[in-house]
Each structure stands twice: as C-alpha cells, then as structure tokens.
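Here is the structure we will look at.
The values are calculated or read from the model by the stated rules, or taken from the named source; none is laboratory data. These numbers come from a predicted model, not from an experiment. Cβ coordinates were reconstructed from backbone atoms using ideal geometry, including for glycine residues, and neighbour counts include every protein chain displayed. All accessible areas refer to the heavy atoms of the entire protein, side chains included, with ligands and DNA or RNA removed. Shrake-Rupley method; radii C 1.70, N 1.55, O 1.52, S 1.80 Å.
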Amino acid sequence: MPLTELLDYFSPFASDIWQEEGVTRLFTPQVNVLGLNAAYVSGPEQLALLHFPAGQPPLVASAFGVTSFAVSGQEVARLQVGLLQAAALTAPAGVVVEQVSRLQLPNWAGVLAAAHGTPDWGGLLARHFAAPLEHDRRSVLLMAYAEGVPVGALLWRGGSVGGAAHLWGSQNSAAAQALLRAAAELGGGWVRASVPDASDWPLAQAWTLRFTLLGGAA
C-alpha cells in the first residue's frame, strides 16, 4: 500500500510501534512530528480495529483518494507524496546545501524545528534522533545555507531505489528546492518526497497523505 513507504521511513525513529491485522501505530511523545505519532490504516476494517492508549492522540494517517476509503474527523495536515527528479528542480543561486555530520544534529534539529514554526522543539528533536541515527547508515542529514545562514534541513534515507525525504523544512521556496534537489542527487537522480499540498512541485506517481484527528469535526 502507499503508506508502506512512510512506515519504512519513520518506523526506525518511533519510540513505540504497535501492529495488528494490517494496522501500524507509531507513538513518539518526545517529538511533534506527525509521521511519528500516527496510526497508519489502509481501509475501514483496519480503522475499526484501532484503539489508542491513554495519552496518545487519535491521529490517523491515510492515503486519501487512492481508494474510496476516507477517514472522518478533523484534518490536521495534507501532503502530496510522489517522485521528484533532480533534473526538474532548479539549483537556486545563493543557496548552498551541505551534508552535515551527526555532530551537527543539534543545529540541524534547530533549523528543522524553526522552519516549521516550532523552535522550542529543536532540543527535543535533537535528543530523540541522536540514538537511532548513531548507527544508521541509511540516513543522511542535509542543511541549506543562504549567505552562510542556515535556512533549511532535511533527513534523506536510502535503501529503496532513489531514497526518501519525508522529513524536511525550509524558510523559503528556494531553500526547499535546493534541499530536495540535493536529496534527489543522493538517490541517483530522483527521490520519493512529501511536499505541502498547495505546492506546485513536479511530482510523478503522486498521491495524497492525510492526517486526521478522530473525533473532531470533518
């Protein structure tokens, strides 16, 4: 199912993983990353089996529009997931992307959190990702700079053809394009990525990822 690529990307960083009859629920209270705090369901039969323990938000991730199945509740985020080719992305002048070492994790996490408007989460992100990234040879940290100032951060994961970039943030479209182009180049010319729903990105094989909070207004 389409959600498999998201689970492959996020599961190694989740604090708790629960699986039963086609449902996978990730829970990571130390961070505010939606992909690490959602139940991934592919149909109504899986949704009926789902339960959330006390303290875990009833957040569901679904591939909206791929099937007739839709989750009722309050939509909190909607992304487009698809294939991005490096050749289709420009390399903006004035933006430089560099691969940074794990020693730069606090800076990387701070830039990522600030790009999403939640700067107070930077330290928590850094502390959480430190352990799983320590021996992870599939992951690469990228940072974008404009005139020497950090303006974006991205986590690229290899393993599948092209790799994936489902966790990233930037202060502007130029930094975003530079980051995703660099990620695509790491993947040999293309990358599977999640981008904002309203963005005009040249995505191929695209589908819609929807995060829904159960019990809220539709």
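Can you name every residue in the range 107-148 that is among the acidic types (Asp, Glu) and either closer than 24 Å to ALA93 by Cα or touching a strand residue (DSSP E or B) at 6+ places or on another chain (Cβ under 6 Å) (or both)? Full working, then the answer.
Narrowing the range 107-148 to residues among the acidic types (Asp, Glu): 120, 134, 136, 147.
The answer is GLU147, and nothing else.
Within the range 63-83, does at least one residue satisfy the condition of being open to solvent by less than 10 Å² (accessible area, probe 1.4 Å), in contact (Cβ under 8 Å) with a residue 60 or more places away in the chain and aliphatic (A, V, I, L, M)?
Yes.
Among the candidates ALA93, ALA86, single out the residue that is at pLDDT 85 or above, of a type outside the set (Val, Ile, Thr) and open to solvent by 60 Å² or more (accessible area, probe 1.4 Å).
The unique qualifying residue is ALA93.
Considering the range 3-58 alone, what residues qualify as being closer than 27 Å to ALA130 by Cβ, in a helix (DSSP H, G or I), touching a residue at least 12 places away in the same chain (Cβ under 8 Å) and open to solvent by 60 Å² or more (accessible area, probe 1.4 Å)?
Hits for the range 3-58 are ASP8, PRO12, LEU34.
Answer yes if at least one residue in the range 149-171 is of a type in the set (A, V, I, L, M, F, W, C), in contact with a strand residue (DSSP E or B) (Cβ under 9 Å, 6 or more places away or on another chain) and more than 27 Å from ARG25 (Cβ to Cβ), and no otherwise.
Yes: one or more hits.
Residues of the range 145-159 being over 22 Å from LEU36 (Cα atoms) and assigned to a strand (DSSP E or B), which ones?
If the condition is that a residue be over 22 Å from LEU36 (Cα atoms) and assigned to a strand (DSSP E or B), then TYR145, ALA146, VAL149, PRO150, VAL151 are the ones that fit.
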